[in-house]
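So the structure is just underneath, and the comments pick up after that.
The values are calculated or read from the model by the stated rules, or taken from the named source; none is laboratory data. None of the values given here were measured: they were computed from a predicted structure. Reconstructed Cβ throughout: ideal geometry from the backbone, glycine too, with neighbour counts over all protein chains shown. For the accessible areas, the whole protein counts, side chains as well, though only heavy atoms, and no ligand, DNA or RNA atoms are used. Shrake-Rupley method; radii C 1.70, N 1.55, O 1.52, S 1.80 Å.
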Amino acid sequence: MNSLQELQAIIKSKDNFTKFVINSEVPAVCKNEPCMLGVDEAGRGPVLGPMVYGVSYCPLNRKSILEELGCADSKALTEAKRDEIFTKMLTEEDSLNNVGWAVEVISPNYISNSMYRRAKCSLNEVSMNSAIDLIKKAAESGVNITEVYVDTVGPPEKYQTKLSEIFPSYKITVAKKADSIYPIVSAASIVAKVTRDHALKVWHFNEGLQLDHTEFGSGYPGDPLTKKFIRDRIDNVFGYPLLVRFSWSTAELMLQEKAAACTFEDVDDPGKGKSKSTKTISSFFTLKTEDSKPRKRHKFFEERHLSTCTDFD
Amino acid sequence: MSILVENNLIKNENEDIFEQKSHYIPCKIEQDGSANVKKYFDPYIVENNSQELSATFRGHPLDGTQITFPEGYRAVLVTETKRPLTEDAERKFQVTGGFKNFTYWNWDKKPSKNDDLCKAMDWIEIAEAIHGD
(Lines give C-alpha, C1' and ligand atoms only; values in the text may rest on other atoms or scores of the structure.)
Protein backbone atom coordinates (compact mmCIF):
# COMPACT_ATOMS: atom_id res chain seq x y z
CA MET A 1 0.00 0.00 0.00
CA ASN A 2 1.46 3.39 -0.86
CA SER A 3 -1.42 5.84 -0.95
CA LEU A 4 -4.61 6.74 0.87
CA GLN A 5 -6.55 5.78 -2.27
CA GLU A 6 -5.24 2.28 -1.80
CA LEU A 7 -6.22 2.38 1.86
CA GLN A 8 -9.76 3.32 0.77
CA ALA A 9 -9.83 0.50 -1.77
CA ILE A 10 -8.85 -2.04 0.89
CA ILE A 11 -11.49 -0.76 3.32
CA LYS A 12 -14.09 -0.92 0.55
CA SER A 13 -13.22 -4.55 -0.23
CA LYS A 14 -14.04 -5.66 3.34
CA ASP A 15 -17.43 -6.39 4.89
CA ASN A 16 -18.49 -3.27 6.77
CA PHE A 17 -20.60 -5.15 9.33
CA THR A 18 -17.84 -7.18 11.00
CA LYS A 19 -14.28 -6.20 11.97
CA PHE A 20 -11.00 -6.51 10.14
CA VAL A 21 -7.31 -5.71 10.45
CA ILE A 22 -5.13 -3.82 7.98
CA ASN A 23 -1.39 -3.71 8.56
CA SER A 24 1.91 -2.60 7.10
CA GLU A 25 4.80 -4.92 6.44
CA VAL A 26 7.09 -5.33 9.42
CA PRO A 27 10.33 -3.39 8.76
CA ALA A 28 13.27 -5.80 9.05
CA VAL A 29 14.94 -3.62 11.67
CA CYS A 30 11.89 -4.00 13.97
CA LYS A 31 12.47 -7.75 14.14
CA ASN A 32 15.98 -7.35 15.51
CA GLU A 33 16.18 -4.10 17.43
CA PRO A 34 14.13 -3.67 20.63
CA CYS A 35 11.00 -1.72 19.76
CA MET A 36 8.41 0.49 21.38
CA LEU A 37 4.78 0.16 20.41
CA GLY A 38 2.01 2.75 20.82
CA VAL A 39 -1.76 2.07 21.03
CA ASP A 40 -4.60 4.52 20.49
CA GLU A 41 -8.17 4.57 19.23
CA ALA A 42 -10.33 6.81 17.06
CA GLY A 43 -14.11 7.14 16.93
CA ARG A 44 -15.04 5.86 20.35
CA GLY A 45 -17.84 8.34 21.00
CA PRO A 46 -19.69 8.81 17.69
CA VAL A 47 -23.09 7.22 17.08
CA LEU A 48 -22.15 6.58 13.43
CA GLY A 49 -19.38 4.58 11.83
CA PRO A 50 -16.65 2.26 13.00
CA MET A 51 -14.31 2.56 15.95
CA VAL A 52 -10.70 2.09 14.86
CA TYR A 53 -7.86 0.81 17.02
CA GLY A 54 -4.34 1.51 15.86
CA VAL A 55 -0.83 0.46 16.84
CA SER A 56 2.47 1.71 15.52
CA TYR A 57 5.99 0.63 16.41
CA CYS A 58 9.62 1.50 15.76
CA PRO A 59 13.02 0.74 17.25
CA LEU A 60 13.68 2.51 20.59
CA ASN A 61 16.64 4.40 19.15
CA ARG A 62 14.77 5.68 16.09
CA LYS A 63 12.26 7.83 17.93
CA SER A 64 13.55 10.89 16.08
CA ILE A 65 11.93 9.62 12.85
CA LEU A 66 8.50 10.02 14.43
CA GLU A 67 9.24 13.62 15.28
CA GLU A 68 10.50 14.25 11.76
CA LEU A 69 7.25 12.83 10.41
CA GLY A 70 5.42 15.36 12.55
CA CYS A 71 3.76 12.90 14.94
CA ALA A 72 2.43 15.03 17.76
CA ASP A 73 -0.85 15.34 19.61
CA SER A 74 -3.20 14.20 16.85
CA LYS A 75 -6.04 16.32 18.18
CA ALA A 76 -3.98 19.42 17.48
CA LEU A 77 -3.47 18.33 13.87
CA THR A 78 -5.89 19.11 11.07
CA GLU A 79 -7.40 16.34 8.97
CA ALA A 80 -5.22 17.39 6.01
CA LYS A 81 -2.11 17.29 8.17
CA ARG A 82 -2.98 13.80 9.46
CA ASP A 83 -3.52 12.57 5.91
CA GLU A 84 -0.16 14.03 4.96
CA ILE A 85 1.66 12.29 7.80
CA PHE A 86 0.05 8.92 7.04
CA THR A 87 0.92 9.31 3.36
CA LYS A 88 4.54 9.92 4.38
CA MET A 89 4.41 6.74 6.50
CA LEU A 90 3.25 4.86 3.40
CA THR A 91 5.81 6.29 1.01
CA GLU A 92 8.97 7.71 2.59
CA GLU A 93 11.93 5.36 2.64
CA ASP A 94 13.05 6.36 6.12
CA SER A 95 9.63 5.70 7.61
CA LEU A 96 9.01 2.47 5.70
CA ASN A 97 12.32 1.07 6.94
CA ASN A 98 11.69 1.89 10.58
CA VAL A 99 8.03 2.40 11.42
CA GLY A 100 5.33 -0.28 11.17
CA TRP A 101 1.63 -0.02 11.95
CA ALA A 102 -1.67 -1.95 12.09
CA VAL A 103 -5.30 -0.96 12.55
CA GLU A 104 -8.44 -2.84 13.46
CA VAL A 105 -11.66 -1.45 12.02
CA ILE A 106 -14.51 -2.40 14.35
CA SER A 107 -17.82 -1.88 12.56
CA PRO A 108 -20.80 -0.16 14.21
CA ASN A 109 -22.68 -3.45 13.86
CA TYR A 110 -19.94 -5.33 15.72
CA ILE A 111 -20.21 -2.74 18.51
CA SER A 112 -24.04 -2.93 18.72
CA ASN A 113 -23.99 -6.73 18.60
CA SER A 114 -21.41 -6.88 21.41
CA MET A 115 -23.32 -4.49 23.64
CA TYR A 116 -26.64 -6.25 22.89
CA ARG A 117 -25.45 -9.76 23.62
CA ARG A 118 -27.24 -11.85 26.24
CA ALA A 119 -24.16 -11.39 28.40
CA LYS A 120 -23.42 -7.76 27.58
CA CYS A 121 -19.93 -6.94 26.43
CA SER A 122 -19.17 -3.30 27.19
CA LEU A 123 -17.40 -0.92 24.85
CA ASN A 124 -14.45 -1.00 27.27
CA GLU A 125 -14.14 -4.74 26.82
CA VAL A 126 -14.40 -4.48 23.05
CA SER A 127 -11.69 -1.80 23.14
CA MET A 128 -9.36 -3.69 25.42
CA ASN A 129 -9.70 -6.90 23.41
CA SER A 130 -8.88 -5.04 20.23
CA ALA A 131 -5.77 -3.46 21.76
CA ILE A 132 -4.61 -6.82 23.13
CA ASP A 133 -5.18 -8.57 19.78
CA LEU A 134 -3.24 -5.93 17.87
CA ILE A 135 -0.27 -6.17 20.27
CA LYS A 136 -0.35 -9.98 20.02
CA LYS A 137 -0.51 -9.87 16.22
CA ALA A 138 2.45 -7.49 16.05
CA ALA A 139 4.46 -9.81 18.31
CA GLU A 140 3.45 -12.87 16.22
CA SER A 141 4.56 -11.18 13.02
CA GLY A 142 8.02 -10.82 14.52
CA VAL A 143 8.15 -7.33 16.05
CA ASN A 144 10.62 -7.33 18.93
CA ILE A 145 8.44 -5.40 21.39
CA THR A 146 9.96 -4.28 24.66
CA GLU A 147 7.94 -1.19 25.58
CA VAL A 148 4.23 -0.52 25.13
CA TYR A 149 2.48 2.85 25.50
CA VAL A 150 -1.30 3.00 25.66
CA ASP A 151 -3.68 5.94 25.59
CA THR A 152 -6.76 5.54 27.76
CA VAL A 153 -9.90 7.48 28.54
CA GLY A 154 -10.73 5.52 31.69
CA PRO A 155 -8.67 4.96 34.85
CA PRO A 156 -5.19 3.80 33.75
CA GLU A 157 -4.36 1.58 36.79
CA LYS A 158 -6.77 -1.27 36.06
CA TYR A 159 -5.91 -1.31 32.40
CA GLN A 160 -2.18 -1.30 33.18
CA THR A 161 -2.53 -4.26 35.59
CA LYS A 162 -4.48 -6.27 33.02
CA LEU A 163 -1.99 -5.63 30.22
CA SER A 164 0.96 -6.41 32.50
CA GLU A 165 -0.63 -9.77 33.33
CA ILE A 166 -1.03 -10.64 29.65
CA PHE A 167 2.32 -9.29 28.53
CA PRO A 168 4.62 -9.77 31.55
CA SER A 169 7.83 -9.23 29.59
CA TYR A 170 6.96 -5.79 28.23
CA LYS A 171 7.42 -2.50 30.01
CA ILE A 172 3.86 -1.15 29.88
CA THR A 173 2.75 2.45 30.34
CA VAL A 174 -0.95 3.32 30.31
CA ALA A 175 -1.67 7.02 30.55
CA LYS A 176 -4.37 9.58 29.91
CA LYS A 177 -3.50 11.80 26.95
CA ALA A 178 -0.58 9.49 26.07
CA ASP A 179 -1.35 10.68 22.57
CA SER A 180 0.18 14.07 23.30
CA ILE A 181 3.08 12.77 25.43
CA TYR A 182 4.56 9.87 23.46
CA PRO A 183 5.21 10.31 19.71
CA ILE A 184 4.72 6.56 19.12
CA VAL A 185 1.17 6.87 20.51
CA SER A 186 0.61 9.96 18.34
CA ALA A 187 1.62 7.87 15.33
CA ALA A 188 -0.87 5.14 16.34
CA SER A 189 -3.52 7.79 16.86
CA ILE A 190 -2.92 9.34 13.43
CA VAL A 191 -3.11 5.94 11.72
CA ALA A 192 -6.36 5.16 13.55
CA LYS A 193 -7.95 8.57 12.88
CA VAL A 194 -7.06 8.61 9.20
CA THR A 195 -8.45 5.10 8.79
CA ARG A 196 -11.71 6.06 10.47
CA ASP A 197 -12.08 9.21 8.35
CA HIS A 198 -11.56 7.24 5.16
CA ALA A 199 -13.81 4.39 6.29
CA LEU A 200 -16.62 6.96 6.56
CA LYS A 201 -15.74 8.46 3.18
CA VAL A 202 -16.10 5.13 1.41
CA TRP A 203 -19.00 3.84 3.52
CA HIS A 204 -21.27 1.70 1.38
CA PHE A 205 -24.86 1.31 2.51
CA ASN A 206 -25.84 -2.33 1.95
CA GLU A 207 -29.36 -1.05 2.47
CA GLY A 208 -29.08 0.82 -0.82
CA LEU A 209 -29.19 4.36 0.58
CA GLN A 210 -27.62 6.79 -1.85
CA LEU A 211 -25.88 9.01 0.65
CA ASP A 212 -22.30 9.96 1.30
CA HIS A 213 -20.41 11.22 4.32
CA THR A 214 -21.07 14.86 3.51
CA GLU A 215 -24.72 14.10 4.29
CA PHE A 216 -24.36 12.25 7.59
CA GLY A 217 -21.54 14.29 9.10
CA SER A 218 -18.84 13.32 11.55
CA GLY A 219 -21.00 10.87 13.49
CA TYR A 220 -20.73 12.82 16.74
CA PRO A 221 -24.18 13.25 18.29
CA GLY A 222 -23.67 17.03 18.42
CA ASP A 223 -23.10 17.39 14.67
CA PRO A 224 -26.26 18.86 13.05
CA LEU A 225 -25.91 16.61 9.99
CA THR A 226 -25.59 13.53 12.19
CA LYS A 227 -28.56 14.68 14.26
CA LYS A 228 -30.63 15.04 11.11
CA PHE A 229 -29.57 11.61 9.88
CA ILE A 230 -30.53 9.97 13.20
CA ARG A 231 -33.86 11.75 13.16
CA ASP A 232 -34.85 11.22 9.53
CA ARG A 233 -33.35 7.94 8.35
CA ILE A 234 -35.55 5.60 10.35
CA ASP A 235 -37.08 2.42 9.01
CA ASN A 236 -40.18 1.60 11.02
CA VAL A 237 -39.28 -2.09 11.35
CA PHE A 238 -35.51 -2.31 11.11
CA GLY A 239 -34.61 0.98 12.72
CA TYR A 240 -31.43 2.13 11.01
CA PRO A 241 -28.95 1.11 8.37
CA LEU A 242 -25.92 -0.53 9.96
CA LEU A 243 -23.85 2.64 9.84
CA VAL A 244 -25.56 3.43 13.15
CA ARG A 245 -24.58 2.10 16.57
CA PHE A 246 -27.97 0.93 17.82
CA SER A 247 -26.65 0.61 21.37
CA TRP A 248 -25.97 4.36 21.68
CA SER A 249 -28.60 6.13 23.75
CA THR A 250 -29.03 8.78 21.02
CA ALA A 251 -30.18 6.05 18.63
CA GLU A 252 -32.08 4.05 21.25
CA LEU A 253 -34.15 7.02 22.37
CA MET A 254 -34.93 8.11 18.82
CA LEU A 255 -36.13 4.61 17.90
CA GLN A 256 -38.26 4.41 21.02
CA GLU A 257 -39.95 7.56 19.93
CA LYS A 258 -40.22 7.11 16.18
CA ALA A 259 -40.05 3.45 15.15
CA ALA A 260 -42.28 0.44 15.86
CA ALA A 261 -41.85 -0.74 19.45
CA CYS A 262 -39.63 -3.79 19.66
CA THR A 263 -39.09 -6.02 22.70
CA PHE A 264 -36.66 -8.88 23.06
CA GLU A 265 -37.08 -11.42 25.83
CA ASP A 266 -35.65 -10.41 29.20
CA VAL A 267 -32.52 -12.21 30.23
CA ASP A 268 -33.02 -13.89 33.61
CA ASP A 269 -35.83 -11.68 34.79
CA PRO A 270 -35.01 -11.22 38.47
CA GLY A 271 -38.70 -10.82 39.33
CA LYS A 272 -39.41 -14.34 38.10
CA GLY A 273 -40.23 -17.04 40.63
CA LYS A 274 -40.75 -14.51 43.38
CA SER A 275 -44.50 -14.43 42.95
CA LYS A 276 -44.98 -17.63 44.94
CA SER A 277 -43.82 -16.10 48.18
CA THR A 278 -44.21 -17.68 51.55
CA LYS A 279 -47.76 -17.62 52.82
CA THR A 280 -48.48 -15.38 55.74
CA ILE A 281 -49.35 -17.08 59.01
CA SER A 282 -52.77 -15.49 59.08
CA SER A 283 -53.69 -16.98 55.73
CA PHE A 284 -54.02 -20.41 57.39
CA PHE A 285 -56.74 -19.10 59.68
CA THR A 286 -58.97 -17.42 57.17
CA LEU A 287 -61.74 -19.24 55.41
CA LYS A 288 -60.71 -20.08 51.90
CA THR A 289 -63.19 -19.80 49.13
CA GLU A 290 -62.36 -22.47 46.61
CA ASP A 291 -61.30 -20.45 43.63
CA SER A 292 -62.20 -22.04 40.37
CA LYS A 293 -58.91 -22.56 38.67
CA PRO A 294 -59.09 -23.18 34.95
CA ARG A 295 -58.02 -26.66 34.04
CA LYS A 296 -54.29 -26.73 33.58
CA ARG A 297 -53.04 -28.34 30.42
CA HIS A 298 -50.25 -30.87 30.42
CA LYS A 299 -46.72 -29.55 30.67
CA PHE A 300 -46.01 -30.89 27.19
CA PHE A 301 -48.29 -28.28 25.68
CA GLU A 302 -47.25 -25.52 28.03
CA GLU A 303 -43.56 -25.90 27.22
CA ARG A 304 -44.29 -25.76 23.54
CA HIS A 305 -46.70 -22.85 23.75
CA LEU A 306 -49.35 -24.96 22.08
CA SER A 307 -52.98 -24.10 22.61
CA THR A 308 -56.20 -25.22 21.03
CA CYS A 309 -57.87 -22.84 18.65
CA THR A 310 -60.85 -22.66 16.37
CA ASP A 311 -60.94 -24.77 13.23
CA PHE A 312 -61.41 -23.14 9.88
CA ASP A 313 -64.47 -24.10 7.84
CA MET B 1 -68.39 -17.82 15.61
CA SER B 2 -67.32 -19.39 12.37
CA ILE B 3 -64.35 -18.59 10.26
CA LEU B 4 -64.43 -18.69 6.51
CA VAL B 5 -61.31 -18.85 4.40
CA GLU B 6 -61.46 -18.01 0.75
CA ASN B 7 -58.74 -19.11 -1.57
CA ASN B 8 -58.74 -16.99 -4.72
CA LEU B 9 -55.25 -18.14 -5.48
CA ILE B 10 -56.25 -21.74 -6.13
CA LYS B 11 -56.02 -21.28 -9.88
CA ASN B 12 -52.85 -19.30 -9.55
CA GLU B 13 -50.17 -20.89 -11.69
CA ASN B 14 -47.38 -19.09 -9.95
CA GLU B 15 -46.26 -21.56 -7.27
CA ASP B 16 -43.78 -19.03 -5.86
CA ILE B 17 -46.53 -17.28 -4.00
CA PHE B 18 -46.83 -20.37 -1.78
CA GLU B 19 -43.08 -20.75 -1.41
CA GLN B 20 -42.15 -17.35 -0.11
CA LYS B 21 -39.14 -16.59 2.06
CA SER B 22 -39.95 -16.19 5.70
CA HIS B 23 -38.10 -15.36 8.93
CA TYR B 24 -38.99 -16.05 12.52
CA ILE B 25 -37.55 -13.17 14.59
CA PRO B 26 -37.08 -13.64 18.37
CA CYS B 27 -38.73 -10.42 19.48
CA LYS B 28 -42.07 -8.74 19.55
CA ILE B 29 -42.40 -5.94 17.04
CA GLU B 30 -45.49 -3.82 17.10
CA GLN B 31 -46.04 -3.43 13.41
CA ASP B 32 -48.49 -5.19 11.14
CA GLY B 33 -47.62 -4.71 7.52
CA SER B 34 -44.81 -4.75 5.05
CA ALA B 35 -41.14 -4.79 6.01
CA ASN B 36 -38.09 -3.96 3.95
CA VAL B 37 -36.47 -7.37 4.49
CA LYS B 38 -34.53 -7.40 1.22
CA LYS B 39 -32.78 -4.12 1.94
CA TYR B 40 -32.33 -4.14 5.68
CA PHE B 41 -32.03 -7.81 6.66
CA ASP B 42 -30.99 -10.08 3.80
CA PRO B 43 -27.64 -8.38 3.06
CA TYR B 44 -26.41 -9.29 6.54
CA ILE B 45 -27.27 -13.00 6.58
CA VAL B 46 -24.00 -14.90 6.67
CA GLU B 47 -23.58 -18.66 6.51
CA ASN B 48 -20.49 -20.22 8.07
CA ASN B 49 -18.79 -23.48 7.10
CA SER B 50 -21.08 -25.64 9.20
CA GLN B 51 -24.26 -24.16 7.71
CA GLU B 52 -24.98 -22.02 10.75
CA LEU B 53 -26.55 -18.67 9.93
CA SER B 54 -26.01 -15.31 11.56
CA ALA B 55 -27.70 -11.96 11.07
CA THR B 56 -28.57 -8.83 12.98
CA PHE B 57 -31.82 -7.10 13.93
CA ARG B 58 -31.96 -3.70 15.63
CA GLY B 59 -28.39 -4.16 16.72
CA HIS B 60 -29.04 -7.57 18.27
CA PRO B 61 -26.94 -10.55 17.15
CA LEU B 62 -29.03 -13.43 15.77
CA ASP B 63 -28.19 -17.10 15.21
CA GLY B 64 -30.35 -18.98 12.76
CA THR B 65 -31.18 -22.20 10.98
CA GLN B 66 -33.48 -23.34 8.18
CA ILE B 67 -36.58 -25.22 9.26
CA THR B 68 -38.73 -27.16 6.83
CA PHE B 69 -42.22 -28.24 7.84
CA PRO B 70 -42.82 -32.00 8.19
CA GLU B 71 -44.25 -33.90 5.21
CA GLY B 72 -47.77 -32.88 4.42
CA TYR B 73 -47.60 -29.52 6.21
CA ARG B 74 -47.13 -26.01 4.98
CA ALA B 75 -47.82 -22.51 6.16
CA VAL B 76 -50.60 -20.42 4.66
CA LEU B 77 -50.90 -16.66 4.99
CA VAL B 78 -54.38 -15.25 5.37
CA THR B 79 -55.56 -11.68 5.75
CA GLU B 80 -58.83 -10.22 6.90
CA THR B 81 -60.01 -7.09 5.13
CA LYS B 82 -62.38 -6.00 7.85
CA ARG B 83 -62.78 -7.39 11.31
CA PRO B 84 -66.47 -7.67 12.31
CA LEU B 85 -67.56 -5.46 15.18
CA THR B 86 -69.37 -8.19 17.07
CA GLU B 87 -67.64 -11.17 18.66
CA ASP B 88 -69.90 -13.89 17.24
CA ALA B 89 -70.19 -12.68 13.66
CA GLU B 90 -68.74 -14.74 10.87
CA ARG B 91 -65.18 -13.82 9.97
CA LYS B 92 -63.84 -13.93 6.47
CA PHE B 93 -60.22 -14.43 5.47
CA GLN B 94 -58.45 -14.41 2.14
CA VAL B 95 -55.49 -16.62 1.32
CA THR B 96 -52.62 -14.36 0.26
CA GLY B 97 -49.66 -16.71 0.11
CA GLY B 98 -47.62 -19.18 2.07
CA PHE B 99 -44.30 -20.88 2.70
CA LYS B 100 -42.91 -24.37 3.09
CA ASN B 101 -39.81 -23.54 5.08
CA PHE B 102 -38.58 -20.63 7.08
CA THR B 103 -35.47 -19.31 8.79
CA TYR B 104 -35.65 -19.62 12.54
CA TRP B 105 -33.64 -17.00 14.47
CA ASN B 106 -32.59 -16.96 18.10
CA TRP B 107 -31.13 -13.99 19.90
CA ASP B 108 -27.43 -14.73 20.52
CA LYS B 109 -28.05 -18.47 21.03
CA LYS B 110 -27.52 -21.30 18.58
CA PRO B 111 -30.87 -22.82 17.57
CA SER B 112 -31.35 -26.30 19.03
CA LYS B 113 -33.95 -29.04 19.45
CA ASN B 114 -34.68 -27.50 22.84
CA ASP B 115 -36.15 -24.29 21.44
CA ASP B 116 -39.89 -24.02 22.04
CA LEU B 117 -40.76 -23.70 18.40
CA CYS B 118 -38.72 -26.76 17.40
CA LYS B 119 -40.23 -28.75 20.27
CA ALA B 120 -43.71 -27.72 19.18
CA MET B 121 -43.13 -29.69 15.98
CA ASP B 122 -43.05 -32.86 18.15
CA TRP B 123 -46.79 -32.55 18.52
CA ILE B 124 -47.32 -33.36 14.87
CA GLU B 125 -45.82 -36.82 15.31
CA ILE B 126 -47.57 -37.43 18.62
CA ALA B 127 -50.91 -36.27 17.25
CA GLU B 128 -50.47 -38.71 14.40
CA ALA B 129 -49.86 -41.53 16.89
CA ILE B 130 -52.88 -40.60 19.02
CA HIS B 131 -55.40 -39.56 16.41
CA GLY B 132 -54.15 -41.26 13.24
CA ASP B 133 -55.68 -44.41 11.89
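Please list, by residue number, everything in segment B:13-56 whose backbone N is under 18 Å from a paramagnetic label point 7 Å out along Cα→Cβ of B:N101.
Taking a point 7 Å out along Cα→Cβ of B:N101, the residues of segment B:13-56 whose backbone N falls under 18 Å are B:15-25, B:42, B:45-55.
State, to one decimal in nm, how far the label point of A:T286 lies from the label point of A:I166, with both points 7 Å from Cα in the Cβ direction.
5.9
Taking 51 Å as R0, compute the FRET efficiency from the Cβ-Cβ separation of A:H298 and A:E140 and round it to 0.05. It would help to have the intermediate numbers written out before the result.
On the way: r = 57 Å, r/R0 = 1.12.
Calculated transfer efficiency: 0.35.
Which aspartates and glutamates have a Cα less than 13 Å from the Cα of A:K31, not counting those fewer than 8 places away in the same chain?
A:K31 reaches A:E140.
How many Cβ atoms of partner chains, on average, are near each residue of B:37-50 if near means within 10 Å of its Cβ?
On the way: counts 2, 2, 8, 10, 3, 1, 8, 7, 0, 3, 0, 0, 0, 0.
The mean count of partner-chain Cβ atoms within 10 Å per residue comes to 3.
Which pairs in the list A:K136/A:K228; B:K92/B:K113; A:K14/B:K21; A:K258/A:K299; A:K88/A:K158 are over 31 Å apart, alpha-carbon to alpha-carbon? Each step should come with its number before you reach the end.
Values: A:K136/A:K228 40 Å; B:K92/B:K113 36 Å; A:K14/B:K21 27 Å; A:K258/A:K299 40 Å; A:K88/A:K158 35 Å.
Where the Cα-Cα span goes over 31 Å, the pairs concerned are A:K136/A:K228; B:K92/B:K113; A:K258/A:K299; A:K88/A:K158.
With each run of n ≥ 4 DSSP H residues scored as -39500 (n - 2.57), what mean residue ellipticity at 222 nm is computed for chain B after dividing by its residue count and rounding to the nearest 500 deg cm²/dmol? Can you show the working numbers first?
Working: 3 runs with 19 residues, N = 133.
The helix contribution divided over chain B gives -3500 deg cm²/dmol.
Within a Cβ distance under 11 Å of B:D42, other residues only, what is the Lys/Arg minus Asp/Glu net charge?
With Lys, Arg at +1 and Asp, Glu at -1, the net is +2.
On a 0 to 90° scale, report how tilted helix B:122-131 is relative to the longest principal axis of chain B, with both axes built from alpha carbons and the result rounded to the nearest 10.
Relative to chain B, helix B:122-131 is tipped by roughly 40 degrees.
With 5 Å bins from zero, work out the P(r) of segment A:35-112 over every alpha carbon pair and list the percent per bin.
Computed distribution, short to long bins: 3, 13, 22, 24, 18, 11, 6, 2, 0.
Grab the alpha carbons of segment A:1-132, take their convex hull, and tell me the volume per residue in Å³. Present the calculation step by step, with values, prior to reporting the outcome.
Numbers: hull volume 15.6 nm³, N = 132.
Here the figure is 118 Å³ per residue.
I want the local charge near A:L209. Using Cβ-Cβ distances under 13 Å, sum +1 for each Lys or Arg and -1 for each Asp or Glu among the other residues. All intermediate terms of the calculation are to be shown ahead of the outcome.
Values: positive: A:R233, B:K39; negative: A:E207, A:D212, A:E215, A:D232, A:D235.
My count for the surroundings of A:L209 gives -3.
Suppose we flag trypsin sites (Lys or Arg not before Pro) only when DSSP calls them loop and at most 10 other Cβ atoms lie within 10 Å. Which is the longest uninterrupted stretch of chain A? Can you show the working numbers first?
On the way: sites that count: A:K272, A:K274, A:K276, A:K279, A:K288, A:R295, A:K296.
After excluding every exposed loop site, the longest remaining stretch is A:1-271.
How far apart, in nanometres, would the label points at B:V78 and A:V21 be if each is projected 7 angstrom from Cα along the Cα-to-Cβ direction?
The two pseudo-label positions are separated by 5.7 nm.
Kindly provide the Kirkwood hydrodynamic radius of segment B:1-128 in Å, to one decimal, from all pairs of distinct alpha carbon atoms.
It works out to 17.2 Å.
To the nearest 10 square angstrom, what accessible area does A:F167 show with a 1.4 Å probe?
20
If you take the alpha carbon radius of gyration of segment B:57-133 and divide it by 2.2 N^0.38 Å, what ratio comes out, to two decimals? Let's see the in-between values first.
Details: Rg = 17.2 Å, N = 77, 2.2 N^0.38 = 11.5 Å.
Against the compact-globule rule of thumb, the ratio is 1.50.
Which peptide among B:18-27, B:47-56, A:49-58 comes first, and what is the full order, when sorted by highest mean count of other Cβ atoms within 10 Å? Kindly include the intermediate steps, with their values, before the conclusion.
Numbers: B:18-27: 16.1, B:47-56: 12.8, A:49-58: 28.6.
Per-residue Cβ counts within 10 Å, averaged per peptide and sorted highest first, yield A:49-58, B:18-27, B:47-56.
How big is chain A on each of its three principal axes, counting only the C-alpha atoms and giving the largest first in Å?
Taking max minus min along each principal axis of the Cα atoms, chain A gives 91, 48, 35 Å.
Run the simple label-point estimate for B:V46 and B:K119 please: 7 Å along Cα→C-beta, distance reported in nm.
3.1
Please give the calculated 222 nm ellipticity per residue for chain A, where each DSSP H segment of at least 4 residues contributes -39500 (n - 2.57) and the sum is spread over every residue; nearest 500 deg cm²/dmol?
Computed mean residue ellipticity for chain A: -11500 deg cm²/dmol.
Where the eigenvalues come from the Cα gyration tensor of segment A:146-205, what are the semi-axes √(5λ) of the equivalent ellipsoid, largest first, in whole Å? Walk me through the intermediate numbers first.
Details: eigenvalues 144, 33, 25 Å².
Value: 27, 13, 11 Å, ordered largest first.
Taking segment A:88-147 on its own, what percent of its Cα-Cα pair distances exceed 15 Å? Kindly include the intermediate steps, with their values, before the conclusion.
Details: 1107 of 1770 pairs.
The answer is 63 percent, as a whole percent.
Need one value for A:10-21: mean number of C-beta atoms belonging to other chains within 10 Å of its residues' C-beta atoms.
Numbers: counts 0, 0, 0, 0, 0, 3, 0, 5, 3, 0, 0, 0.
The mean count of partner-chain Cβ atoms within 10 Å per residue comes to 1.
Count the net charge of all other residues whose Cβ sits under 13 Å from the Cβ of A:W248, scoring Lys and Arg as +1 and Asp and Glu as -1. If you can, show how the numbers build up before the last one.
On the way: positive: A:R44, A:K227, A:R245, B:R58; negative: A:E252.
In short, +3.
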